[in-house]
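Below is one structure, written out as structure tokens, with a few remarks after it.
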Amino acid sequence: MLHDSIFFRKFFLAFIFISIATFCFGQQANTVTLVGKVTDIKTGKPLPFANVFVNNSTIGTNADENGNYKLPNLSIGNIEMGVSFLGYETIKQTLRFEQPGIKTVVFKMKEGMELQGVTIYSKKNKRREKNLKIITRELLGNSRFSKLCKIINPEVLRISEDDNRHLSAQTTKPLIIENSALGYRIFQDLDDFDYFEGKVYYGGSTRFELLVPKDNAQKVFWRSNQKIAYQGSLKNLLAGMVADSLQEQGFKVYQVIPDSLRIFGSVRNNGYGSNLISNHLNNRITQIRGESLIRPGELETERLVVSRTQLEVFYMKRRARSPYSDMPYSYTQITLPQGYIVITPQGWVVMPMGFEIAGDLGNDRFSTLLPADWKRDE
């Protein structure tokens, strides 16, 4: 992820913090059961009780004492798996299953390498505490839920700075983030974190655990906040495209007209320097319905979002600054370098194809992050 100005924060979801889980659930007759073993790549010895999970989800299991695991009821399509074991490099591996049934995958893990850095701060000191505040802010974000989130074990962060003032961090074991606003405990293997001049990139594997509510009131509180986090999110947008319900969900989407079809020089100017979206309609951009952007995928669990030109997205339920004086709403630009991405009908990205997001939808952090298996209508 990149955190920059409100209009031009970019991140490449092919490599993002939270590498979005790419699966959905189907009927049990049309699902995959994943079985196999977790072993040391050099010795072949089993790694007992290793964590085996679908990345960015609450779906996972532990291997048994012999390293064997079993994960049932996964949908056909793409699944990004994560495997972690103390002292070993976390595995991230994308699997694709086009037929249901039992599938066997053996995960072979490498022992962890010593983290490299120019100046490493591993003990408490003023510089580390200052940098830790920056890392915490960038990981948790500045949403309404941020104050109810905390990092439980900051001591696992290896923080470094180089001569060019890049702030970097990695974890020696999973960073534990407790989100008391949404009801999750998140285990984040931070492979890389880079902060420089207000911009941040981070990546790794993410495993969710459900917190146990102390009473029904807390359960209702979490569910209500989860629905708030969903509203106006990327998943909300993409699911709205599939269902052709963008307007009902609060979105307006405009597509840039290809140069070959544009009438240059006809944008109206009111003489006051205002940049009105009405001056660009049907010349530079045109409003588009969700169904116009969606095509069938190879599998019933997949859809294509197709656009050869940039999309400009407004979330009309949230007022914010935008480039247009007559559209003061949450604003995002989406670019598909390959002309398409692959998603599930529920709005999770299966194959990002390096797509770019600039603006408000590029600001998702752990305080608002929902797991891939979260369902809106439960």
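The values are calculated or read from the model by the stated rules, or taken from the named source; none is laboratory data. Predicted, not measured: the structure shown is a model, and the values here were computed from it. Cβ atoms come from the backbone with ideal geometry, glycine included; neighbour counts cover every protein chain shown. Accessible surface is based on the protein model in full, side chains and every heavy atom, while ligands, DNA and RNA are left aside. Shrake-Rupley method; radii C 1.70, N 1.55, O 1.52, S 1.80 Å.
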Inset, instruction - Could you check how many residues of segment 308-326 are under 21 Å from the mean Cα position of the chain (by Cα) and either farther than 22 Å from Ala358 by Cβ or open to solvent by less than 50 Å² (accessible area, probe 1.4 Å) (or both)? - result: 5
Inset, instruction - Return a yes/no flag: does segment 158-170 have any residue that is touching a residue at least 12 places away in the same chain (Cβ under 8 Å), within 20 Å of the chain's Cα centre (by Cα) and open to solvent by 40 Å² or more (accessible area, probe 1.4 Å). - result: yes
Inset, instruction - Take the residues in segment 91-114 that are open to solvent by 100 Å² or more (accessible area, probe 1.4 Å) and not in a loop (DSSP other than H, G, I, E, B), then tell me which one is nearest to Pro174 (Cα to Cα). - result: Glu111
Legend entry - Tabulated pairs, segment 273-291, first closer than 22 Å to Met241 by Cα and touching a residue at least 40 places away in the same chain (Cβ under 8 Å), second surrounded by 13 or more Cβ atoms within 10 Å (Cβ to Cβ) and among the small types (Gly, Ala, Ser), C-beta under 6 angstrom, 6+ apart or interchain: Gly290/Gly240
Inset, instruction - Restrict the check to segment 188-205 and report whether at least one residue is surrounded by 15 or more Cβ atoms within 10 Å (Cβ to Cβ), modelled with pLDDT under 90, touching a helix residue (DSSP H, G or I) at 6+ places or on another chain (Cβ under 9 Å) and under 24 Å from Gly232 (Cα atoms). - result: yes
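Between Glu65, Glu80, which is of a type in the set (Asp, Glu) and not in a loop (DSSP other than H, G, I, E, B)?
Values: Glu65 fails: not in a loop (DSSP other than H, G, I, E, B).
Checking each option against the conditions leaves just Glu80.
Please verify whether Leu246 is touching an Asp or Glu at 6+ places or on another chain (Cβ under 8 Å) and surrounded by 17 or more Cβ atoms within 10 Å (Cβ to Cβ), treating the condition exactly as stated. First the steps, then the outcome.
On the way: touching an Asp or Glu at 6+ places or on another chain (Cβ under 8 Å): no; surrounded by 17 or more Cβ atoms within 10 Å (Cβ to Cβ): yes.
No, not satisfied.
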Inset, instruction - Considering every residue within segment 209-216, establish whether at least one is within 22 Å of Gly82 (Cβ to Cβ) and either open to solvent by less than 10 Å² (accessible area, probe 1.4 Å) or among the basic types (Lys, Arg) (or both). - result: no
Legend entry - Unmet criterion (only one of (1) assigned to a strand (DSSP E or B); (2) over 17 Å from the mean Cα position of the chain (by Cα)) for Ser205: (2)
Inset, instruction - Spot the failing condition for Glu300; the list is (1) within 21 Å of Arg96 (Cα to Cα); (2) modelled with pLDDT of 95 or more; (3) more than 19 Å from the chain's Cα centre (by Cα), and only one is missed. - result: (2)
Inset, instruction - Can you give me the number of residues within segment 334-347 that are surrounded by 20 or more Cβ atoms within 10 Å (Cβ to Cβ) and either over 14 Å from Arg303 (Cβ atoms) or of a type in the set (Asp, Glu) (or both)? - result: 1
Legend entry - Only listed residue being over 27 Å from Arg185 (Cα atoms), out of contact with any Pro (no Cβ under 7 Å at 6 or more places or on another chain), open to solvent by less than 20 Å² (accessible area, probe 1.4 Å) and not basic (Lys, Arg), chosen from Val350, Val305: Val305
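Residues are listed down the side, and each one gets a yes or a no for (1) within 28 Å of Glu89 (Cβ to Cβ); (2) of a type in the set (S, T, N, Q):
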residue: Asp162; (1), (2): yes, no
residue: Ser168; (1), (2): yes, yes
residue: Ile176; (1), (2): yes, no
residue: Arg185; (1), (2): yes, no
residue: Val200; (1), (2): yes, no
residue: Arg207; (1), (2): yes, no
residue: Pro213; (1), (2): no, no
residue: Arg223; (1), (2): no, no
Inset, instruction - Kindly indicate whether any position in segment 143-156 is buried (at least 21 other Cβ atoms within 10 Å of the Cβ), assigned to a strand (DSSP E or B) and in contact (Cβ under 8 Å) with a residue 60 or more places away in the chain. - result: yes
Legend entry - Lone qualifier among Val350, Val313, Val306 - being touching an Asp or Glu at 6+ places or on another chain (Cβ under 7 Å) and of a type outside the set (Ser, Thr, Tyr): Val350
Legend entry - Test for Ile341: is it under 14 Å from the mean Cα position of the chain (by Cα), modelled with pLDDT of 90 or more and part of a strand (DSSP E or B): no
